[in-house]
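As structure tokens, the structure follows; a few thoughts come after it.
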Amino acid sequence: MTMTTMREAFVDATTALLGEQPRTALVLADISAAAFAPATGRHPDRVLNVGIREQLMMGVAGGLALTGLRPIVHSYAPFLVERAYEQIKLDLDHQGVSAVLVGIGASYDRAAAGRTHLSPADVALIDTLAGWTVHVPGHAGEVPALLRATVAGDGPAYLRLSTLGNDRPRGTDGSLAVLRDAGPGAPLLVAVGPVLDAAVAAVAGLGVTVAYTHRPRPFDAAGLRALAGTEVILVEPYLAGTSARLVGDALADRPHRLLALGVSREELRRYGSAADHTRWHGLDAAGLRRSVSDFLAAGR
Amino acid sequence: MDFNLQASGMTIMTATTRAAEAGPPAPLGPLLERVRAGREFGPNVYSTLDVLRVLYDRVLRITPATVDDPDRDRFLLSKGHAVAGYYAVLAAKGFVPADWLDDQGGPDSRLGDHPDRLLVPGVEIGSGSLGHGLGLGAGTALGLRAQGLTTPRVYVLLGDAELDEGSNHEAIAYAGAVRLANLTAVVIDNDSASHGWCGGIATRFTVNGWTAATVDGRDHDALYAALTGQDGNRPHVVVAVVREGE
């Protein structure tokens, strides 16, 4: 049996939504156009493939939203978020309209494709904007409900899909969910999306509480305050430190130490697999274990 | 432009030119002076004014009462710096109070040096960074079409220098390819593109399947004919040629 990927789950859920909700539209720039061929045939006025034109893709989404439609905009993460960033800023936010951006590729899903297809900075870039919701699902099974709830809303949102993930879905509302409780005052590890399984494996035998979220924005600051003692470990599948400022803000009145793990800024200039890059960035269980152990030891 | 037309005694043309030199008639002229408030206006202000007047006087199906009507025509000012005449026209037509013109750009003003659709009634898009209007216009035209709104038309005003931005060419190619028949682009050609447009501006559109009309940007009847000259099957571009000193 073939496992459904996040991308397939997104295509299926979006195709269903287009049939159910006349307000929904989909804008593509060739990526995944073949997978959406059935939807294009059924809804030719609301499934719009503009060709390899990402600025136009986002501009069209802004225009659709100005007429009252709810556009879903989809491409590879670097082309969706980085190439068309000014269009996100101006054609959506500045116009006072919004869209649901759905990216694939994540930080290094297609590692062998090289730097052009890597997008570790996507969440940080979206984070320069106000009011965005960011979902980073950890399993394909989390995608349909997330997409449906997001499309049903009105706000701007980015869904960051990946070929990496955990062994099973965690159905949470986006607030921090405790999956491993080491008791009051224990160091708190916050795992975002696909890094959860590696993070749980990394702290085996250590007195560390593990909380999961697929929704780094808006960050669950209240949950963090309730769960955190004085030591917090962030593990994010994108640029290291992306959520550090929010942890700092949430714990501003509390002396604390923070270890923010994620993808490094350095361009590795190496190909290989996504698993290789996970290891090289220290985000596999062994790498995380080393970082967490060093961090905890330094505080003792 | 043909200077010989005026030299050979084309009285209508001469009269039009003199009217332009004297500024637009009331109430627009005095309103424009209120925006100007003693400052120097760049040529772009005046080069855009005739197109704006023809659009708002004779073409656009929009009034202050219909700014939120889904069935209204849309006018998108993509060259957002051409704002002085735009604000004056919006005031003349009652979209904004004339009082707003007096402190344009001030700390409490809703009228910036570029327009913001969230601050100014009747303004369809916030613009300023060049090359955004045509993509937004294409999306608006597509959104209207998807909702079965076949009456409204989308007009996007650009400048010849603005066409330097590659985003325009993404929109031009795509709108032509999908025969976006409810879209009209208006390009004010005041010869301000640093490297010009060898072969003409209209050809950038027609080669992609648009219809095109290139007219004297100060000739109101010619502008009206061009602005209503779409064939109903394809997107349409009007190149309004305005040369300083004429």
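Taking residue A:185 as the residue in question, decide whether it is in a loop (DSSP other than H, G, I, E, B), more than 19 Å from the chain's Cα centre (by Cα), surrounded by fewer than 17 Cβ atoms within 10 Å (Cβ to Cβ) and touching a residue at least 40 places away in the same chain (Cβ under 8 Å). Against the criterion (in a loop (DSSP other than H, G, I, E, B), more than 19 Å from the chain's Cα centre (by Cα), surrounded by fewer than 17 Cβ atoms within 10 Å (Cβ to Cβ) and touching a residue at least 40 places away in the same chain (Cβ under 8 Å)), residue A:185 qualifies. A search for C-beta distances below 7 Å between a residue of segment A:52-73 that is within 8 Å of chain B (Cβ to nearest Cβ) and any residue that is at pLDDT below 95 and outside any helix (DSSP H, G or I), counting only pairs 6+ apart in sequence or on different chains, returns A:55/A:84; A:58/A:84. Pairs meeting the criteria (first residue in segment A:246-258 and assigned by TED's automatic domain parsing to the domain that holds residue A:236, second residue in a loop (DSSP other than H, G, I, E, B), beta carbons under 6 Å, at least 6 apart or on different chains) are A:246/A:219; A:256/A:230; A:257/A:299. Of the candidates A:227, A:261, A:234, the single residue that is more than 27 Å from residue A:279 (Cβ to Cβ), at pLDDT 95 or above, surrounded by 14 or more Cβ atoms within 10 Å (Cβ to Cβ) and in contact with a Ser or Thr (Cβ under 8 Å, 6 or more places away or on another chain) is A:227. Pairs linking a residue in segment A:189-216 that is surrounded by fewer than 21 Cβ atoms within 10 Å (Cβ to Cβ) to a residue that is assigned to a helix (DSSP H, G or I), with Cβ atoms under 6 Å and 6 or more positions apart or on different chains, are A:201/A:285. Residue selection: residue B:99 fails the criterion of being out of contact with any helix residue (DSSP H, G or I) (no Cβ under 7 Å at 6 or more places or on another chain), of a type outside the set (A, V, I, L, M, F, W, C), more than 8 Å from every other protein chain (Cβ to nearest Cβ) and under 18 Å from residue B:236 (Cα atoms).
Is it fair to say residue A:165 is closer than 19 Å to residue A:107 by Cα and not basic (Lys, Arg)? First the steps, then the outcome.
Details: closer than 19 Å to residue A:107 by Cα: yes; not basic (Lys, Arg): yes.
When the stated conditions are applied, residue A:165 passes them.
Against the list (1) under 20 Å from the mean Cα position of the chain (by Cα); (2) more than 10 Å from chain A (Cβ to nearest Cβ); (3) closer than 22 Å to residue B:34 by Cβ, the condition residue B:116 fails is (2). Taking the listed residues A:171, A:141, A:114, A:165, the one that is without any contact (Cβ under 8 Å) to a residue 40 or more places away in the chain and more than 20 Å from residue A:62 (Cβ to Cβ) is A:171, with no other qualifying.
Being touching a Lys or Arg at 6+ places or on another chain (Cβ under 8 Å) and surrounded by 18 or more Cβ atoms within 10 Å (Cβ to Cβ) narrows it down to one residue among A:56, A:48, A:26; which is it?
A:26
The values are calculated or read from the model by the stated rules, or taken from the named source; none is laboratory data. Since the model is a prediction, treat every value here as computed from it, not as a measurement. Ideal geometry is used to build each Cβ from the backbone, glycine not excepted, and the neighbour counts take in all protein chains shown.
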